[in-house]
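The values are calculated or read from the model by the stated rules, or taken from the named source; none is laboratory data. Because the structure is a prediction, the values reported are computed rather than measured. So basically every Cβ, Gly included, is an ideal-geometry build from the backbone, and we count neighbours across all protein chains shown.
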Amino acid sequence: RKIATIPQEVIARANAKLMDAHMADYDALAARLVRVNIDIEDLVEKLMAFSVGLPSWGMVSGGTRYARFPLPGEPTNVFEKVEDCSVVNQLAGLTPRVSLHFPWDKCDDYEALRQYTQTLGIGFDAINSNTFQDQTGQKRSYKFGSLSHSQEATRQQAIEHNLECLDIGKKLGSKALTVWIGDGSNFPGQVEFTDTLERYLESLRTVYGQLPDDWRLLIEHKMYEPAFYSTVIQDWGTSILCAQALGDKAQCLVDLGHHAPNVNIEMIVARLSQFGKLGGFHFNDSKYGDDDLDSGSINPFQLFLVFNELVSAEKRAERTGTRFTPSYMMDQTHNVTDPIESLLNSARAIAGAYVKALIVDRDAMRAYQEDNDVIMAHNSLRLAFESDVRAALAMARVRMGGAIDPIAAYRESGYRAHKAETRKARTELAGGIV
Ligand code: LRH
Ligand code: MN
Ligand code: MN
């Protein structure tokens, strides 16, 4: 039985106030879409089948390397993080899974965690390992690297941590392991580029060897930080080379914040999917670097263009009878907002980008491309992006038991204020990102 974290009456009451306006907007959008041969009901159905995973580490105020400002009532352990995930999912739909991060989410009883999570209607997305930080009690430090470390014993320790993540993931019912390492160098001459990559691959081969057949290993690249001169898995090129070297179960994960400014990320998405190596996403937004801001808050057009490639890849897979099932997940941290509200906004932005990509008239666009009618080909995308599809999103939420205005309903519920009284106030939390 699925338990509702926020009383369903609270959502119903909030929706009642907005229902007339919502229906008027919905009917107007339906009428506009009919003129371009789109049935709004198809869109709502597709939306209801769409989903994106929540980051457990994004349920708390992350802070920066300078300070963390804890939010009263934020979760203090993995059970409470999952509880907050269920609030996001209840209000916005579309987010029925959580991606855990170890050791941050360690607990004593994974069977209890699995059952509790299930009662809240939440499943488990990819498990993330963490060898970019030393763990209490571990023998060797990751200061100079982990899976690619110069010393065998440190590499072995990092391998064992990944294997432990696999074990936990199997207990929970996860089907993927995401590996991001901070290994690299801060100064030219510090490491030999080829040696470090060779050692990384050798280590990852051991982890890959233990991967169950129905699991995926997702390799996450990032240009820099914490290593400021060179990073071992710095871009999608190195990532795909490693995924190809490892085998079919290894794929690449694209975190939108992990590229140089102005890089054409949608094209990376197209390239990876063309070669069957697009394994997953960490959605977020950024202005400068790995800012981990809410999806769609800085560059919604880029998010739309990414989804345009995803929908295009989905359609190609349908035509060719192949499988295209990347894992969509969010990866964001919150310094000045309530994480639940930020995640609600991101869910809306991600689903919005998806719907806009769905309404692109692909046949017309292809014909314009063939005729080299540049402006009309471009406008095929642009007009879809400029459409206001909020009523379709709201309808999908309502049909899933969610809110027309998720943030308003969340505030009306008084959830966080209540948690501020019942959850232990802790300033330093496992799961705070530096
Ligand atoms: C690295 C990263 C990676 C980590 C997460 C906490 O910047 O994007 O996905 O696991 O942040
Ligand atoms: Mn990430
Ligand atoms: Mn990141």
| remark: Every listed condition ((1) surrounded by fewer than 12 Cβ atoms within 10 Å (Cβ to Cβ); (2) farther than 24 Å from SER86 by Cα; (3) of a type outside the set (A, V, I, L, M, F, W, C)) holds for ASP25 save (1)
| request: Report the residue count in segment 343-366 for those that are in contact with an Asp or Glu (Cβ under 9 Å, 6 or more places away or on another chain) and either surrounded by 23 or more Cβ atoms within 10 Å (Cβ to Cβ) or hydrophobic (A, V, I, L, M, F, W, C) (or both). | output: 6
| request: Looking only at segment 138-174, count how many residues are assigned to a loop (DSSP other than H, G, I, E, B) and either basic (Lys, Arg) or at pLDDT below 95 (or both). | output: 3
| said: Take MET59 and tell me if it is surrounded by 13 or more Cβ atoms within 10 Å (Cβ to Cβ), touching a Lys or Arg at 6+ places or on another chain (Cβ under 7 Å) and of a type in the set (A, V, I, L, M). | reply: yes
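For residues in segment 255-272 being more than 16 Å from ligand 3 (Cβ to nearest atom) and surrounded by fewer than 22 Cβ atoms within 10 Å (Cβ to Cβ), which is nearest to ASN345 (Cα to Cα)?
In this case the residue turns out to be GLU266.
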| Search result, residues across segment 217-237 that are touching a residue at least 12 places away in the same chain (Cβ under 8 Å) and more than 16 Å from ligand 2 (Cβ to nearest atom) | PHE228, TYR229, SER230
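Tell me the helices (runs of 4 or more DSSP H) entirely within segment 274-383 that contain at least 1 residues that are within 19 Å of PRO406 (Cβ to Cβ) and within 16 Å of ligand 1 (Cβ to nearest atom).
Numbers: elements: 300-320, 339-358, 362-370.
In segment 274-383, 339-358 are the helices (runs of 4 or more DSSP H) which contain 1 or more residues that are within 19 Å of PRO406 (Cβ to Cβ) and within 16 Å of ligand 1 (Cβ to nearest atom).
From VAL44, VAL98, VAL34, grab the single residue that is closer than 22 Å to ALA396 by Cβ and surrounded by fewer than 16 Cβ atoms within 10 Å (Cβ to Cβ). Before you say what the answer is, go through the steps one by one.
Working: VAL44 fails: surrounded by fewer than 16 Cβ atoms within 10 Å (Cβ to Cβ); VAL98 fails: surrounded by fewer than 16 Cβ atoms within 10 Å (Cβ to Cβ).
Just a single option satisfies the conditions, and that option is VAL34.
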